[in-house]
1. Over all distinct alpha-carbon pairs, what is the Kirkwood Rh of the protein assembly as shown in angstrom?
2. Under the convention of a label 7 Å out along Cα→Cβ, give the distances in nm from B:Pro77 to the same position in every other copy, shortest first.
3. Which of the trypsin sites (Lys or Arg not before Pro) across the range B:160-230 are loop residues per DSSP, with 10 or fewer other Cβ within 10 Å?
4. Take A:His3 and B:Leu138, extend 7 Å from each Cα along the Cα→Cβ direction, and tell me the distance between the two endpoints in nm.
5. For a Förster distance of 30 Å, can you work out the FRET efficiency between the beta-carbons of B:Glu284 and B:Leu25, rounded to the nearest 0.05?
6. Can you name the residue in chain A whose Cβ lies closest to the A-to-B rotation axis, and give that gap in whole Å?
7. Quick check for you: which residues of the range A:175-214 have the amide N under 12 Å from the point 7 Å beyond the Cα of B:Asp301 toward its beta carbon?
8. What number does the range A:41-96 give for Rg over Rh if you use C-alpha atoms and the Kirkwood radius?
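Each reported figure results from applying straightforward, stated rules to the coordinates on display, with no laboratory input. What you see is a predicted model, and the numbers here were worked out from it, not measured in a lab. Using ideal geometry, Cβ is built from the backbone for each residue, glycine included, and neighbour counts are taken over all protein chains shown.
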Protein chains: 2
Amino acid sequence: MAHHFPNGADVLVSECGPRDGLQILSETMATHHKLRWIDALYDAGLREIEVCSFVPARLMPQMADAVEVVAHARTLPGLTVLALVPNLRGARAAFEAGADKITIPVSGSMAHSMANVRKTPDEQVAEVARIVELRNELAPRVPIEANISVAFGCTMEGRVSEDEVIRLAVALVAAGVDDSGLSDTTGYANPAQTKRLFTRLIGEIGDKVGGAHMHNNRGLALANCLAAYEAGVRIFDSSACGLGGCPHAPGAAGNAVTEDLVFMFESMGISTGIDLAKLLAAREHIVTGLPDVPLYGMTWDSGLPKGFVAAKEARHV
Amino acid sequence: MAHHFPNGADVLVSECGPRDGLQILSETMATHHKLRWIDALYDAGLREIEVCSFVPARLMPQMADAVEVVAHARTLPGLTVLALVPNLRGARAAFEAGADKITIPVSGSMAHSMANVRKTPDEQVAEVARIVELRNELAPRVPIEANISVAFGCTMEGRVSEDEVIRLAVALVAAGVDDSGLSDTTGYANPAQTKRLFTRLIGEIGDKVGGAHMHNNRGLALANCLAAYEAGVRIFDSSACGLGGCPHAPGAAGNAVTEDLVFMFESMGISTGIDLAKLLAAREHIVTGLPDVPLYGMTWDSGLPKGFVAAKEARHV
């Protein structure tokens, strides 16, 4: 897994706030606020941002401006503009809009799969194969990521079979996706399970392993990211100020908090390419754009430690 | 480090809420609430509780009932009643009150040491030696723990020398303490540093290594506890509902949240001897006793996962 990340970073922190963070809210962030927020995240050094999902606007009004958001994000040099698509129709829209990369959710449990995409997991794998064909035709340079949702447990079914999660990821790679990662959609994961499942996944699909997408429902998101890192994962989804959740995973809290995740890696000497002070300052765009949404983030509350040195500077000391 | 923990637990979760959790609050929990809360924590399976500190009541009115609290806690069979003492005078009071174990803070930085105990670190080590002598005379069966405060960084001095932290712990063991652990009083620690420093400490003092006391200022308390566990630490301080802080470490957030820490270990198959449902229910005593204090804890907010199995039951599946 020889990754070459922008800014010479050791890990890629993939910001999913503008998609995962906004989709569950009853409030909708106005487009002009969203664009300024994305600009600020980019200015802080984020080089992959999941800016939207291509879903019917009547189902998810927060994402109604997807085409405009992608068009703007494409103007930021070196940014990978990532869009979530649940199906072939969404994928076509994303390719036409000019997304740089797409991500497709495939559930590890039947119940979550039916609730989220109205298909069985295997039907969704078949849909992914059709998306790969469309990509080869319309947008051959656009990588496709397909992550396994509820990979660590499901609010409807409880335990999710690890064999099934691995089988689906292997099937997705066979279907032609560029990488497949694991999502703890429900915040059920623990570090031992995270390390075990990612180690097994890497054993099966090697450098096709994608990211760790860990929610923070029980406070373990960072511990689980650490465990995934120890297993060899180098791509981490997170959400600014911990925004987020899943409409079909009741009680799902936000994703790993981007600021806290970046603090963890940087303080460990693992470079993210991100300027923490600028990242913390980007919060103001969420406060302005979503004045009634409660935010969190411990690094924001406490500030950076006295004498804090980021990973890159630490190497020159 | 062959520990024998109560209830056949693999790790000892040492609850410090009634001391560390309450000491920084402007509100004072009434004694009768405190006793019911300690009872509930005990009923949940906690077998070491830091119930108070022996300090002048004019400095810390929250701890004015220390003698009464120890007397009550001593009636709970099998509970290690732990009390913090900053100096010889406090130690004498704790021995006279009948504490089962005492803990003494020794700062890793000069500035924190002067603010916290008005002594240099070396003067505090000398005070600990006097406390060991008094213990040998008055209460020979009472173990003494001395943890290094601000071991991972200081809000006044910034970086703290790892050599100095290790030197102090070694000096404390030479002075006769039973164990010495490390406290991230300020929430500055990261997992790499935590693993490195505890590994080095264990290399120096072996089975005299004490606990990991990790604050959550930047959201890393659980990741740091995981790193300490991987280094070989088996004793973890935490605070119910994340209560806590240090009056001389400005901006210090609460300790690792007991509920989330227990969830992490239990879901990893590491037994704590604690009943999570009862532990979560014990929260009501804080809500009743401190109606105006904001609490937190992600496991409380989200509840236990569907199909959750505690470590001990998992072994029988």
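1. Computed over Cα pairs of the protein assembly as shown, the Kirkwood hydrodynamic radius comes out at 25.3 Å.
2. Copy-to-copy label distances at B:Pro77, shortest first: 7.5 nm.
3. none
4. Distance between the two pseudo-spin positions: 5.6 nm.
5. In this case the efficiency is close to 0.95.
6. For chain A, the closest residue to the axis carrying it onto B is A:Ala223, 2.
7. Under cut-off, by backbone N: nothing.
8. Over the Cα atoms of the range A:41-96, Rg/Rh equals 0.99.
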